[in-house]
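The numbers here are math on the coordinates, done by the rules we state, and not lab data. Predicted model, so just to flag it, every value in this text is computed and none were measured. Note: ideal-geometry Cβ built from the backbone for every residue, glycine included; neighbour counts use all protein chains shown.
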Amino acid sequence: MTTVRTPELVSRLPKVGTTIFTVMSALAAEKGAVNLGQGFPDFEGDPRLVDAVTQAMQGGLNQYPPMTGVPALREAISKKVEAIYGHRYDANTEITITAGATQAILTIILAIVHPGDEVIVLEPCYDSYVPNIELAGGTVVRVPLTPGSFRPDFAKISAAITPKTRAILINSPHNPSGMVWTKEEMLQLQELLAPTDILVISDEVYEHMVFDGKAHESAARFPALAARSFIVSSFGKTYHVTGWKVGYVAAPAPLTAEFRKVHQFNVFTVNTPVQHGLANFMADPRPYLDLPAFYQRKRDLFREGLKKTKFRMLPGQGTYFQCVDISAVSDLNEAEFCQWLTTEIGVAAIPLSAFYGNGFDQKVVRFCFAKKDETLHTALERLAKL
């Protein structure tokens, strides 16, 4: 009789379990809590964008597009980047449409990182960075951002660079802290990397969420950085359609050529009618130009409500996240506090310790304010109990 047996696997990611986002969202649903944990809007995108995609579907644009992306969309991105950041990427050879930013980052890392190469990540960081590097056989070199301010520490970054350093991953506006890199910091990075062959992976998915009249300092603005950078952005974040999973990578032609070698065997290409709909919708720049004011109003509404609590608010310079220090509220650690807050107060948050490899706990948690006003008001009424 044949034995039925599933062979055991040696895991490629033995340290990876269920993400904190899944855990907290499940707990929020179970407890009927307001979910300010996971970073997605609870409101719809512009109906004109939905109409544009629908028209593309009904117009028969439903077969494979070019591997690199629909030409009209790549051209629209090229024009937008040049208009905002002053750097022109060739639509044919330097822009690729991706299945969201997460796929883009994995594909970049698989394209450039060889076994034994070192990649610097600045912690706290988005949870896909480290597993991506490990899947490529690279070595993760963790450098902490300055606790409290989350500003880059260039002495520590410089000390982490070795002859094996292949790339550095930067993220501004920064998830989870909301910190935004300054022009001076970008220039400092440019100068630090100038004598090296280190590549930059610049995660800029929150590029249109910078507040108080400040500018987003894209790597594209700085010629010596642009020459060594893969720039990643996301339509899901910009247009409130995170479930569509469409983004793009802009990079110099030689880097893009290597990126596309992996991309074509990874996803090959991306949803055709959505690409056409986005290209059509991008003819009007107002939706992304108005986004800073749109989210700043929500940030200010949320921060005003938090003043009624014992939370100490950290600066909220960008993204749609607000971090708070819980020291005056609870003696629990971050993870335990988030569980308690969800269960007892009815509001879900994310512990910042989840964004550190060693679980560093600084008594800070993250809320997402990309929610309807009524959702935020409900959450604030509950948080006022604190």
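Once Rg and the Kirkwood radius are both taken over the C-alpha atoms of the range 47-287, their ratio Rg/Rh works out to 0.96.
Remark: the range 160-202 projects, on average over all directions, an area of 3.3 nm² (convex hull of Cα atoms).
For the range 1-53 versus the range 219-261, the spacing of their alpha-carbon centroids is 24 Å. A full extension of the chain between Q264 and E82 corresponds to an added length of 62.9 nm, given 0.36 nm per residue minus the alpha carbon distance.
Around E118, with a cut-off of 14 angstrom between Cβ atoms, what is the net charge of the other residues, counting Lys and Arg +1 and Asp and Glu -1? Value of the local net charge: 0.
Would you be so kind as to identify which of Y320, P252, V143 lies farthest towards the positive end of the dipole of the chain, taking Lys and Arg as +1 and Asp and Glu as -1 on Cβ and the Cα centre as origin? The one lying farthest along the dipole's positive direction is Y320. The length gained on full extension between Q63 and R12, counted as 0.36 nm times the residue separation minus their Cα-Cα distance, comes to 14.9 nm. When only Cα pairs below 8 angstrom with a gap of at least 6 residues are kept, the range 9-146 shows a relative contact order of 17 percent. Note on the chain: GNM, Cα springs under 10 Å; of S78, S158, S234, the largest mean-square fluctuation is that of S158. Where both bridge residues fall in the range 47-287, DSSP classifies roughly 30% of the beta bridges as antiparallel. The value of relative contact order for the chain, using C-alpha pairs under 8 Å at least six residues apart, is 25 percent. Per-residue ellipticity at 222 nm from helix content only, as computed over the chain with -39500 (n - 2.57) for each DSSP H run of at least four residues, stands at -11000 deg cm²/dmol. Which Cα, out of I112, V70, N175, lies furthest along the positive dipole direction of the chain (beta carbon charges, K/R +1, D/E -1)? Projecting each Cα onto the dipole axis, the largest value belongs to N175. Taking 7 Å steps out from each Cα toward its Cβ at T139 and L187 produces label points 3.4 nm apart. Of the peptides 273-280, 294-301, 213-220, the order by per-residue mean of other Cβ atoms within 10 Å, starting with the highest, comes out as 273-280, 213-220, 294-301. Here E381 and T22 are evaluated by their C-beta separation; at R0 = 22 Å the FRET efficiency comes out at 0.25.
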